[in-house]
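The values are calculated or read from the model by the stated rules, or taken from the named source; none is laboratory data. This is a predicted model, so every value here is computed, not measured. All Cβ positions, glycine included, derive from the backbone under ideal geometry; neighbour counts span all protein chains shown. Surface accessibility is based on the protein's heavy atoms, side chains included, excluding ligands, DNA and RNA. Shrake-Rupley method; radii C 1.70, N 1.55, O 1.52, S 1.80 Å.
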Amino acid sequence: MVSRCTTIAFQGIRAVPVDVQVMVGPGKMMMQIVGLADKAVAESRERVQAALHASGLAMPNKRVTVNLAPADLPKEGSHYDLPIALALMCALGAMPGDALDNFVVMGELGLDGTIAMVAGALPAAIEANSLGKGLICPRDCGPEAAWADEKMTVLAPRSLIAMANHFKGNQVLSRPVARLQEAPQCGPDMADIKGQESAKRAIEVAAAGGHNLIFVGPPGSGKSMLASRLPGILPPLEPKELLEVSMISSIAGTISEGKLSSQRPFRTPHHSASMAAMVGGGLRARPGEVSLAHNGVLFLDEFPEFTPQVLDSLRQPIESGETVIARANHRVSYPSRFQLIAAMNPCRCGMAGEPGHVCRRGQRCAQDYQARISGPLIDRLDLRVEVPAVSASDLMVPAAAESSALVAERVRRARKIQAERYGAMGLDNLTNAQVGHAAIEEVARPDPSARSLLQEAAEKLHISARGFHRILKVARTLADLTGAQTVGKIHIAEAIAYRTSESAAIQG
């Protein structure tokens, strides 16, 4: 007798249906799993047998063969335990033979028959819904899966016994309730920062247009403090963005208690992060930091301390908004549209350019340190801001500073202008930093005086084609913050100022 059920395999954030076929036939008592399964799937044999025994079911004194089709699709992970066990229970008569026909099943089994949480419940639920089926998943994954569709059937049992009792009618499992994490009531506030007006202005511009930014200054000047205030002024995720972010978090297994969050991701990897940790990879090609920061912020402190290979691996995701991980037998793609915020000291000793400080290595100290960052990567940073050391008088004298709420309101208005503008052009959920060259040339066409200033600056500063368009994008954001319809000379001048320091840094 052959019984079947449907489960899924993951390719990036996409779930692919897998047909689980279980046959109980004559032969020596054993259980074999075939279908290009990795070690975690092969070990399901022991977990399934122990869980069935703990649930009061004995393995048949026959040969049990489990086939995971299609056979040429790699199967990875422990979520195949539950579909194998339930299909075997149907084959043994412990459950109705057609009980699983309208469900996609996933879950890991404990030796006592309990069902443990697994990663990927949200993509699995979305795929099940597209197939017109419900989802059977672990109890802890239920709230996460319930987000796929409020009308689809979601069963989230605690154990195999609870699952069997549900189909026998002895116990009815209620549908899980979709839950959302509560937004933090208080967090780092812009009002806590004293001085650094130009840096605070830059962080507001970066938030309004989604621009990449780098802070350069001596230790203790407040670079990390400024970056940590960015999440507090960014708008919450739009529904489409929330779904994309949650699917990546689900695959990575970072969703807590099945609750989704409307807050934009803010990832801060250590500078010792490897290539696989940053862009993704490993045996299962898991998403890296650039993908976990999708629709959010990737903050890299001590920027030059990252290995040059890791830093240069950011160039392609910054441009395309996607990370492609290629392997010999498969290719995985993860969305990676993030906002890069970096912070660095001007030199290894950290005090280059500070009044009264003379470095023993001279100008070479700053040149060698900044040369660890390649020119093409620097060219992809829209804003470069010098963050000087804060004086004691700035700290002692109480100064009125704007709160994050006030700054966030200006950012919200600017983002609303962009959403309406690009929505009318048929482009959804885009900021000024994300639009293509043709679109930005159309919407950020400068007036005659601004055009002549931009042309003069491009010739004198040897600005690249990418730098030219990024100046237009920043100028468009500056105009949006003031509500201006046309990009004027003042907007172009400020946008050029954010590139001038950058050009000087490259030239050493």
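If you plug the beta carbon distance of E402 and S274 into 1/(1 + (r/R0)^6) with R0 = 30 Å, you get a FRET efficiency near 0.15. Using the Cβ-Cβ distance between N329 and A458 with R0 set to 51 Å, the FRET efficiency from 1/(1 + (r/R0)^6) comes to roughly 0.60. Ligands, DNA and RNA aside, C349 has an accessible area near 60 Å² when probed at 1.4 Å.
Under the 0.36 nm per residue contour assumption, what length would be gained going from the current alpha-carbon distance of D112 and M59 to full extension?
17.6 nm
For L243, the solvent-accessible surface with a 1.4 Å probe is about 80 Å², rounded to the nearest 10. Placing +1 on each Lys and Arg Cβ and -1 on each Asp and Glu Cβ, with no other charges, gives the chain a dipole about its Cα centre of roughly 500 debye. Counting Cα-Cα pairs of the range 180-285 in 5 Å increments starting at 0 gives whole-percent bin shares of 2, 9, 17, 19, 18, 17, 11, 6, 1, 0.
Only Cα pairs under 8 Å and 6+ residues apart enter the sum, and on that basis the relative contact order of the chain stands at 13 percent. With bins 5 Å wide beginning at 0, the percent of Cα pairs of the range 24-169 falling in each bin runs 2, 10, 19, 23, 23, 15, 6, 2, 0, 0. At full extension, L73 and R372 could sit 103.5 nm farther apart than now, given 0.36 nm per residue minus the alpha carbon distance. On a per residue basis, the chain carries 45 Å² of accessible surface, using protein heavy atoms and a 1.4 Å probe. For the range 402-508, the Cα-based Rg and Dmax, in that order, read 14.4, 43 Å. Each residue of the range 216-227 was assigned a 3J(HN,Hα) from its phi angle through the Karplus expression (A = 6.51, B = -1.76, C = 1.60, θ = phi - 60°), giving 10, x, x, x, x, 7, x, 5, 5, 5, 5, 5 Hz with x at Gly and Pro.
Inter-label distance, A493 to S130: 5.2 nm, where each label sits 7 Å from its Cα along the C-beta direction. Which of V297, A326, L314 sits closest to the plus end of the dipole of the range 244-402, meaning its Cα is farthest towards the positive end, when Lys and Arg get +1 and Asp and Glu get -1 on the C-beta? Of the candidates, A326 comes out farthest on the positive side.
In nm, what is the difference between 0.36 nm times the number of residues separating A42 and Q171 and their Cα-Cα distance?
43.3 nm
Annotation: peptides 437-445, 409-417, ranked by per-residue average of other Cβ atoms within 10 Å with the highest first, follow the order 409-417, 437-445. Measuring r between the beta carbons of Q309 and K151 and using R0 = 45 Å, the FRET efficiency lands at 0.40. Accessible surface of I161 in the full protein assembly, 1.4 angstrom probe, to the nearest 10 Å²? Result for I161: roughly 80 Å² accessible. Could you point to the label whose value was computed as Rg and Dmax of the Cα atoms in Å for the structure here, given [x] 29.3, 98; [y] 23.5, 80; [z] 27.5, 88? Only one listed value fits the structure, namely [z]. Each peptide in 247-253, 312-318 was scored by the mean count of other Cβ atoms within 10 Å over its residues; highest first, the order is 247-253, 312-318. Taking label positions 7 Å along the Cα-Cβ direction at both S391 and F468, the computed distance is 4.2 nm, reported to one decimal.
When both bridge partners sit in the chain, DSSP labels roughly 50% of those beta bridges antiparallel. Taking every DSSP helix (H) stretch of at least 4 residues in the chain, weighting each as -39,500 (n - 2.57) and dividing the sum by the residue count yields a mean residue ellipticity at 222 nm of -11500 deg cm²/dmol. Expressed as a whole percent, the accessible area of the chain that falls on carbon and sulfur atoms is 53 (1.4 Å probe). Here the 3J(HN,Hα) profile of the range 18-35, calculated from phi with Karplus coefficients 6.51, -1.76 and 1.60 at θ = phi - 60°, is 10, 8, 9, 10, 10, 10, 9, x, x, x, 5, 4, 6, 10, 10, 10, 10, x Hz, Gly and Pro shown as x. Ordering K75, K62 by accessible surface, largest first, gives K62, K75; the 1.4 Å probe counts only protein heavy atoms, with every chain in place.
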